[in-house]
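Reviewing the structure listed below.
The values are calculated or read from the model by the stated rules, or taken from the named source; none is laboratory data. The structure displayed is predicted, hence computed values, not measured ones. Cβ coordinates were reconstructed from backbone atoms using ideal geometry, including for glycine residues, and neighbour counts include every protein chain displayed. Only protein heavy atoms, including side chains, enter the accessible area calculation; ligands, DNA and RNA are left aside. Shrake-Rupley method; radii C 1.70, N 1.55, O 1.52, S 1.80 Å.
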Amino acid sequence: MSSDQLQNRQCLPCQGGVVPMGREEAELMLPSVPGWQLSDDARQLRRSFTFENFVEAQLFAVAAGEISEDQGHHPDIAYGWGYCTITFYTHKIGGLHENDFIMAAKVNCL
């Protein structure tokens, strides 16, 4: 699936009871979200963005948070002077779901 296709999709609520995506499936989807990396255990999707200063990093973090709130799929966001790191995973299943890749594609559009 292309990045364009992912970014135009909506997250579907995950109620749990779903098996997290395995490493092989996650690695197949990874090219659709340039710049993102899998955690060592392939249960999280993470990307660090760099900025010229603190304000730009903070504005990016807020924009990513607003998109996430709109989609009902919330990442872990850490930011400081010149950086913002975003980590997606589906908390209810303790691993990756297609929603995480949808959100990564949306954040890439920022």
Report summary line: Inside region 42-74, the number of residues satisfying the requirement of being surrounded by 13 or more Cβ atoms within 10 Å (Cβ to Cβ), within 22 Å of LEU30 (Cα to Cα) and among the polar types (S, T, N, Q) is 4
Report summary line: Flagged in region 7-35 as modelled with pLDDT under 90 and among the charged types (D, E, K, R), in numbering order, are ARG9
Query - Matching residues, region 100-110, being open to solvent by less than 10 Å² (accessible area, probe 1.4 Å) and not aromatic (Phe, Trp, Tyr) - result: ASP100, ILE102, MET103, ALA104, ALA105, VAL107
Query raised in the report: So, in region 80-99, of the ones that are modelled with pLDDT under 95 and surrounded by fewer than 16 Cβ atoms within 10 Å (Cβ to Cβ), which residue ends up nearest to GLU25 (Cα to Cα)?
Result: GLY94
**Report entry** Flag if ILE77 is under 15 Å from the mean Cα position of the chain (by Cα) and open to solvent by 20 Å² or more (accessible area, probe 1.4 Å)
**Finding:** yes
